[in-house]
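Below is one structure, written out as structure tokens; comments come after it.
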Amino acid sequence: MWDYTGKVLEHFRNPRNVGAIENPDGVGEVGSLACGDALKLTFKLDETKERIADAKFQTFGCASAIASSSALTEIIKGMTIEEAADVTNQHIADYLGGLPEQKMHCSVMGREALEVAIENYHTGDTSKKILAGKVICTCFGVTEEEIEEVVRENSLTEVEQVTNYCKAGGGCGACHEDIQGVIDRITAELEKAKGKEAAPRKMTVLQKIRLIEETMEREIRPMLKKDGGDIELIDVEGNNVIVSFRGMCAQCNVAEITLKDVVEAKLREFVSQDILVEEDK
Amino acid sequence: MRTVYLDNNATTQVAPEVTEAMMPFFNDLWGNPSSMHYFGGQVAKYVEEARAKLAALLGAEPSEIVFTSCGTESDNTAIKGAINAAGRRMRVITTRVEHPAVLSPCRDLQEQGYDIVEIGVNEKGSLDLDELESALEQGPAVVSIMWANNETGVIFPIRKIARMVKESGGVIHTDAVQAVGKIPIDLKKVPVDMLSLSGHKLHAPKGIGALYVRKGTKLKTFLMGGHQEHGRRGGTENVPYIVGLGRAAELAAAHMDEETSRVSKLRDRLEKGLLETCPDSRINGDTEHRLPNTTNISFQYIEGEAVLYHLSDLGVCASSGSACTSGSLEPSHVIRAMGVPFTAAHGSTRFSFSRYNTDEDVDYLLENMPKIVDRLRNLSPFV
């Protein structure tokens, strides 16, 4: 059985706010019978049109899909539209005390239905979510935009996680490379944003060289030595670090990849975001 | 809370007679049957007795039985052992509805460059024999086709299939894990070369299985080691479990009539009752050629995992082919291969009986299932 929390089981057994509101202010329908889960969310605002007075759901799906829908309606009741627009799938999962990793897509379905319902409130568009952007996973009809959103909101780093969160990649598997591409792009963006936030370290040239040496000794050399290779620091000019490969690395076909993915990545992590590594050939 | 166990295709209760038969081999007779002393040596005859009992259930010779650790080991040994013994590259023919214990080794062979053909089924889950015929015309192959399907209970015409394969010069293995103990099997009349079975599906414990290997079949040893099982499977014999499997086989033979009469009546009454009380439900699979203990029912517009959790709250144990229960995102490969519409696929639920089930079990389920279906349909946006 799944490792559901008591709260998930409780909401599954006694779902709150089941049904459909008549003349709702917002309707959001996502999913389909083919996908194995579907959710229809309706909400109504109070008389002053400020806050969500009532929300109801109808769900076709497993225990965690039902619990996530029930939780969603409880979360948004009493919220303003602006507040509701900020609700993420993580809020739904947290409200339930967590969901099994492979069931996170249930919380994402809740967030998507809410998005569509809010969009419906603003534009009056009653149709199901219009697929925005390029479809990456054709098996489950998941767009690039949807994948970006789950990667961003949940800091996902692997394709398998993306599948758990929004089903993309869970069918034939042909789109795994494209999903990895999205992950890499978002991760790079997030890294960049993080780098800007953190104030760059002020170091003297000598301190910098020492830190580079230390990082190479601790983080990089052991990895290379495992494959019979080694590395030597040749020079440091500003942010340009010049190194030379030794041993097996010197003849290795993928040395360039090692240079970027290992050496440069580690030095950026531990020394400075702006480091550029070059090989002295 | 009472437990109503209707998941016997997943595993079965160990028969008390089986446990009883096994106990001396933990406490007193714990010697190694290969030893050259009376203490170990005395155990060997019990292993041979168990082998004879199992052989009798199958209509086989005792020397044709190789004990293994489970059904999966038997399947892997049969398929890869036959391929490795062939001495030339043979093709592999199987079906789209096999158990992963067969499909996974076949796909592994495919990755190694072997040609794999997967035969399809129709909407009733019956095999397309014409497709098999034309696959066999391409030249000799190692063929692995199950005797009965674990999800739907559909029985394949294995006698006819075995003859077709033998005529084509191929090797035929059958995964009979779900069939052994539930329906009569006579390997004198069914010319399969190899047959897999698993103890825990017929009231023996988990961790014991067997592979039937017809005399003369070329098979490369899969688990290499000592000379046990005539060199066909290394490793010290799992004596208590082998004895347990022997006893379970003996009991299965004795209860065979009950299995095909009383158990199938329970199944039929449940099936009829559910179809009557739960609208928009349907049976998946050919009801004419089916195991006596299995029914696979789809309750449309609701999802299987939710059904199972509600059943479980009531003490009822069943299983489902829905995506959510498998941990994957798609309904079971068997249900999909049969082309069951999505409206029904996600709500497919399997009830599988054993001789320990009673009329009260059926009554209890018939009383509660309509309530669960109603409850979930009231939640569903599609009703």
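The values are calculated or read from the model by the stated rules, or taken from the named source; none is laboratory data. Computed from a prediction, not measured in an experiment: that's the story for all the values here. Note: ideal-geometry Cβ built from the backbone for every residue, glycine included; neighbour counts use all protein chains shown. Accessible surface areas use protein heavy atoms only, side chains included; no ligands, DNA or RNA. Shrake-Rupley method; radii C 1.70, N 1.55, O 1.52, S 1.80 Å.
Do you know the relative contact order of region A:205-279, to the nearest whole percent, from alpha carbon pairs under 8 angstrom that are 6+ apart?
Worked out over region A:205-279, it gives 33 percent.
Can you list residues whose amide H is under 5 Å from A:D25's amide H, if they're 5+ apart or on another chain and H is modeled 1.01 Å from N?
A:F43, A:K44, A:L45
Out of B:Y114, B:A345, B:V316, whose Cα points farthest toward the positive end of the dipole of the protein assembly as shown (charges: +1 Lys, Arg; -1 Asp, Glu; placed on Cβ)?
B:Y114
Determine the distance separating the Cα centre of region B:109-137 from the Cα centre of region A:47-105; give it in Å without decimals.
46
Could you tell me how many degrees, from 0 to 90 and to the nearest 10, lie between the Cα long axis of helix A:176-197 and the main elongation axis, the longest principal axis, of the Cα atoms of chain A?
So the inclination is approximately 70 degrees.
Of the candidates B:A86, B:A60, B:A252, which one comes out as most mobile in a Gaussian network treatment of chain B with C-alpha springs shorter than 10 Å?
In this elastic network of chain B, the residue with the biggest mean-square fluctuation among B:A86, B:A60, B:A252 is B:A86.
For region A:14-117, what's the relative contact order in percent, using C-alpha pairs closer than 8 Å and at least 6 residues apart?
This gives 29 percent for region A:14-117.
Pairs B:K124/B:K265; B:K182/B:K272; A:K40/B:K124; B:K53/B:K272: which exceed 27 Å Cα-Cα?
A:K40/B:K124; B:K53/B:K272
Mind ranking B:45-54, A:250-259, B:65-74 by how tightly packed they are, going by the mean number of other C-beta atoms within 10 angstrom, highest first?
B:65-74, B:45-54, A:250-259
For region B:1-55, take N as its residue count and report Rg(C-alpha) divided by 2.2 N^0.38 Å.
1.57
Using the alpha-carbon centroid of each, what span in Å lies between region B:291-316 and region B:1-71?
Between the Cα centres of region B:291-316 and region B:1-71 lies a distance of 33 Å.
At a 1.4 Å probe, what is the % contribution of carbon and sulfur to the accessible area of region A:6-123?
Within region A:6-123, the accessible surface is 46 percent carbon and sulfur.
So how strong a dipole does region A:135-198 carry about its Cα centre when Lys and Arg Cβ are +1 and Asp and Glu Cβ are -1, to the nearest 20 debye?
100
For region A:97-169, run through the GluC sites (Glu not before Pro) and keep only the ones in DSSP coil with at most 13 other Cβ atoms within 10 Å of their Cβ.
In loop regions of region A:97-169 (DSSP not H, G, I, E or B), the sparsely surrounded GluC sites (Glu not before Pro) are A:E158.
Under 5 Å between amide H atoms, partner at least 5 residues away or on a different chain: which partners does B:V4 have, H built in plane at 1.01 Å?
It is B:V316, B:C317, by chain and number.
In Å², and per residue, what accessible area does chain A have when probed at 1.4 Å with the other protein chains present?
Ligands and nucleic acids excluded, the figure is 50 Å² per residue.
Give the peptides B:282-293, B:12-23 in descending order of average Cβ contacts within 10 Å, highest first.
B:282-293, B:12-23
Taking amide H positions as placed in the peptide plane 1.01 Å from N, state which residues far from B:S320 in sequence (5 or more) or on other chains have amide H under 5 Å from it.
B:R350
About the Cα centre of region A:205-279, how large is the charge dipole given +1 on each Lys and Arg Cβ and -1 on each Asp and Glu Cβ? Please answer in debye to the nearest 20.
Dipole size: approximately 260 debye.
What is the mean number of Cβ atoms from other protein chains located within 10 Å of the Cβ atom of each residue in peptide B:301-307, rounded to a whole number?
For this peptide, the per-residue mean of nearby foreign Cβ atoms is 6.
Starting with the highest mean, order A:243-249, B:108-114, B:29-35 by the number of other Cβ atoms within 10 Å, averaged over the residues of each peptide.
Final packing ranking: A:243-249, B:29-35, B:108-114.
Helix A:144-154: angle to the longest alpha-carbon principal axis of chain A, degrees 0 to 90, nearest 10?
80
Which whole-number percent of Cα pairs in region A:24-122 have a distance greater than 16 Å?
48
Can you give the mean number of other chain Cβ atoms that lie within 10 Å of the Cβ atoms in peptide A:53-63?
Counting other chains' Cβ atoms within 10 Å and averaging over A:53-63 gives 6.
Can you check what the net charge comes to around B:M338, using other residues whose Cβ is under 11 Å from the Cβ of B:M338 (Lys, Arg +1; Asp, Glu -1)?
0
Mind pulling up the Rg/Rh value for region A:135-198? Radius of gyration and Kirkwood radius, both on Cα.
Looking at region A:135-198, the ratio lands at 1.01.
Restricting things to Cα coordinates, could you compute the convex hull volume per residue of the protein assembly as shown in Å³?
Enclosed volume per residue, from the Cα hull, is 217 Å³.
Okay, helix-only estimate at 222 nm for chain B: each DSSP H run of n ≥ 4 adds -39500 (n - 2.57), divide by all residues, round to 500 deg cm²/dmol; what do you get?
-12500 deg cm²/dmol
Taking the solvent-accessible surface of protein heavy atoms with a 1.4 Å probe, what is the per residue accessible area of chain B in Å²?
39
For the protein assembly as shown, give the magnitude of the charge dipole about the Cα centre (Cβ charges: +1 Lys/Arg, -1 Asp/Glu; no others), in debye to the nearest 20.
2120
What percentage of all Cα-Cα pairs in chain B are separated by more than 35 Å?
Percentage above 35 Å: 28.
Provide the per-residue ³J(HN,Hα) series for region B:199-208, in order, calculated from phi with Karplus coefficients 6.51, -1.76, 1.60 and θ = phi - 60°, each as a whole number of Hz, with x at glycine and proline positions.
Calculated HN-Hα couplings, in order: x, 6, 8, 10, 6, 9, x, 5, x, 9 Hz.
Can you list the cysteines of chain B that have no other Cys Cβ under 4.7 Å away?
Singleton cysteines: B:C70, B:C106, B:C278, B:C317.
Taking a probe of 1.4 Å and counting only protein heavy atoms, give the total accessible area buried between chains B and A in Å², rounded to the nearest 100.
Buried area (both sides, nearest 100 Å²): 2300 Å².
Please report, in cubic angstrom per residue, the volume enclosed by the convex hull of the alpha-carbon atoms of chain A.
Here the figure is 178 Å³ per residue.
Could you list the trypsin sites (Lys or Arg not before Pro) in region B:185-244 that lie in coil according to DSSP, counting only those with at most 12 other Cβ atoms within 10 Å of their Cβ?
Answer in residue order: B:K188, B:K189, B:K215.
Suppose only helical runs count, i.e. DSSP H with n ≥ 4. What mean residue ellipticity at 222 nm does that imply for chain A under -39500 (n - 2.57) per run, divided by all residues and rounded to the nearest 500 deg cm²/dmol?
For chain A, the value works out to -13000 deg cm²/dmol.
Just how far, in whole angstrom, is region B:201-269 from region A:159-196 if you go by their alpha carbon centroids?
If you average the Cα positions of each part, the centres end up 47 Å apart.
Find which of B:N84, B:S63, B:S74 sits farthest along the positive direction of the dipole of region B:49-92, computed with +1 on the beta-carbon of Lys and Arg, -1 on that of Asp and Glu, about the Cα centre.
B:N84
Give me the inter-chain shielding for A:29-38: mean count of other chain Cβ atoms within 10 Å, whole number please.
Shielding by partners across A:29-38 averages 5.
Tell me, what is a quarter of the convex hull surface for the C-alpha atoms of region B:151-241, in nm² with one decimal?
Approximately 7.0 nm², given one-decimal rounding.
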